[in-house]
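Note sheet for the following structure.
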Amino acid sequence: MTDLSPDDRIRTWLLARDPGEAPETLRTSVTRVPYDVRRPAIARLAERRLPSAVPSASPLTRFAAWRSLGAVVVLALLLIGLVLGVLLVAGSAPRVPPPFGRAANGNVAYAAEGDLYTVDLVTGRSQAIVTGPETDTDPVWSLDGSRLVFRRSIVGEPGERLFVARADGSGIVLITPEPLSSIAGYAFSPDGRRIVVVSGLTGDVTIANSDGTGLRTLDVSFGGCVFANGCEPSFRPPDGAEIVLVGGANSRLYVVDATDSRVRILAVAPEGGGVIAPRWSPDGALIAYGRWQSARALTIQTHIVAADGTGDRVLEAPPGAMWNGRPVWSNDGTRLAIVRGYGPGHERDVLAVVSAPAGGRGIETAPSVFDQPIDIPPIEWAPDDTSILLTPFTAGRPDHQVFVDALTGRASRTPWATDSRPAWQRLAP
Amino acid sequence: MRSVGTSGGERELAGADQRAAFAQLADHHLDRAYRLAGVILGDSFEAEDATHDAVVMAWRHFGSLRDPARFEAWFQRILVNACRDRLRRRRRSPVVEIEATPERPAGGEDFDSVDDRLALDRAFATLNPDQRLAVVLRFYADLTVEEIADRTGVPAGTVKSRLHTATQRLHHALGPNPEAAR
């Protein structure tokens, strides 16, 4: 045995784990699958809004107007009372930030060992907000910072379901009753009322209300996104009328109308290449995304294209940078955070902050920030744009997240460890 | 469903024919899939569940498969995903520690192989799910780096990095290589 090379000893060991032929019970059940398992409806029709009945105008009668002066006075008093009531309620309601632009920094949400936590960055105290036997992960904040959407799986059950909870973990609402497979990503609409999720090998696009109602699958198929990171859909600022998506197994970027499912192709990858990680600028005018030429080495570059698909151009990268991808806009839209590599793999990865849309070298972290990365990390700006939070995907996951000062490039590890995407709560300034 | 960005003219199979075609393909690839799941998961019962999950998932998306000749690679990708999900969920499952008491092997297995097995069992358990998949697909399924990238949905550079880290750890567990020492 010891005459074998280490690799051959690994092969021998793996062969010993081989359980042999499939048991007959499995064979029987597997061949019954196409007869016993109902395939999902290929398309669910988009919800249609039925034309509402238009009330016919009531004819004025001779009893109106001057003879109802007393009623008018009563109505005016009621209106004044109503306005005062609304003002009182509005005054006591929590202030929320606008969905785009700079905001104050709130808590960071993260997942660890299947539970969700938030950490107060002022006190440094972490608090479990969603716990239990289920595996909950990848919390994403609504843009007003009041709620979180996250995915949940249960041991022994296939797929995952999306849930929404308040910022403190209370009021958990099921959003997708049927389990979803291969979830590529999800996001709140700007007003927080809807959630879009892309799932399945064919890239099914589902929109649901964040109160758990109104689930509908858009009448489109995008051919899916093959990466677990960088395929998150997002609503277009400021009103969420459109959604940008990766599809065609990372060969195309699509923009789909969130109401009528009309689709337009925003960008097409070169033969053998791909596209990934599209991000709207905060004003909704531009989209930054990554595009690569070959799957054999990392050649990804950041592109910026107008929202109508015109003017696609490569963001300038500094000399020596072999790839320069996964761009994320700052909240004020003046800068991009980019993961950059000075080798064909992940040997010398840095995080760079460059001005947008000029590009260039900008401010770079030291390569040690990433510590043997195995993938390009997801990154998120602090709501006030002073720093950046990222989750390095290193060999020994789960790992600590990393804060990067956006002005100096200095980095520091978080006290908490997680493999979930960075999620930073926006608060009213 | 409106299909976007795909070539037209694809042949639609009638429902009954499609069921029969799928059942035949699934049956044909079952053994290989179950064995691969078994090696990845190290548990035959869990391998049965993962294989069955993958078949159900494949059937649900069978309509999206454009080229039946690509069935094996396509199905392997689904299976690998199913196994990865199970490996990740294990973090939430109760773990029963089994005392490592090497039994005297039967059938001529020598002590070195028992040592190897125990060492590799332990080292493999320290790898994350993605590294385990890379190791099994490379050294058991004999896939190339590019094929592993296709099955796991990550760039080839990422696969290389995962393999490098994982094999280093496994080699370390095996101790000094006597071949190299000669």
I'm trying to understand the selection: among the residues of segment A:280-320, which are touching a Gly at 6+ places or on another chain (Cβ under 8 Å), crowded, with 20+ Cβ neighbours inside 10 Å, away from chain B (no Cβ under 13 Å) and among the small types (Gly, Ala, Ser)?
A:Ser281, A:Ala317
What number goes with the only condition from (1) in contact with a Cys (Cβ under 8 Å, 6 or more places away or on another chain); (2) buried (at least 23 other Cβ atoms within 10 Å of the Cβ) that A:Ala249 does not pass?
(2)
Being in a strand (DSSP E or B), within 19 Å of A:Arg326 (Cβ to Cβ) and among the hydrophobic types (A, V, I, L, M, F, W, C) is the filter here, so list the residues in segment A:258-312 that pass it.
A:Leu266, A:Ala267, A:Val275, A:Ile276, A:Ala277, A:Trp280, A:Leu286, A:Ile287, A:Ala288, A:Trp292, A:Ile304, A:Val305
Would you kindly identify the helices (runs of 4 or more DSSP H) lying entirely within segment A:2-97 that contain at least 2 residues that are at the interface with chain B (Cβ under 9 Å from one of its Cβ atoms) and either at pLDDT 65 or above or surrounded by fewer than 11 Cβ atoms within 10 Å (Cβ to Cβ) (or both)?
A:6-17, A:24-36
When both residues are 6+ apart or on different chains and their Cβ atoms are under 6 Å apart, which pairs have a first residue that lies in segment A:409-429 and is more than 29 Å from A:Val96 (Cβ to Cβ), and a second that is of a type in the set (Val, Ile, Thr) and part of a strand (DSSP E or B)?
A:Gly409/A:Ile363; A:Ala411/A:Val402; A:Ala411/A:Val404; A:Arg413/A:Val402
Could you name every one of the strands (runs of 3 or more DSSP E) located completely within segment A:322-381 that has at least 2 residues being basic (Lys, Arg)?
A:335-341
Identify the residue in segment A:371-417 that is more than 22 Å from the chain's Cα centre (by Cα) and modelled with pLDDT under 85 and, among all such residues, is nearest to the other protein chains (Cβ to nearest Cβ).
A:Ala395
Selection from segment A:98-134 of residues away from chain B (no Cβ under 14 Å) and assigned to a loop (DSSP other than H, G, I, E, B) yields A:Pro98, A:Pro99, A:Phe100, A:Gly101, A:Arg102, A:Ala103, A:Leu121, A:Val122, A:Thr123, A:Gly124
Filter result for the condition that a residue is over 24 Å from A:Asn331 (Cβ atoms), modelled with pLDDT of 95 or more and not hydroxyl-bearing (Ser, Thr, Tyr), over A:Val164, A:Val173:
A:Val173
B:Ala20 fails exactly one of (1) more than 7 Å from chain A (Cβ to nearest Cβ); (2) touching a residue at least 12 places away in the same chain (Cβ under 8 Å), namely (2)
Would you pick out the residues in segment B:24-41 that are facing another protein chain (nearest Cβ under 7 Å) and either within 13 Å of B:Phe75 (Cα to Cα) or touching a residue at least 24 places away in the same chain (Cβ under 8 Å) (or both)?
B:Ala26, B:Asp27, B:Leu30, B:Asp31, B:Tyr34, B:Val39
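The values are calculated or read from the model by the stated rules, or taken from the named source; none is laboratory data. Predicted model only: the values in this text are computed from it and were never measured. Please note: Cβ atoms are built from the backbone with ideal geometry, for glycine as well, and neighbour counts cover all protein chains shown.
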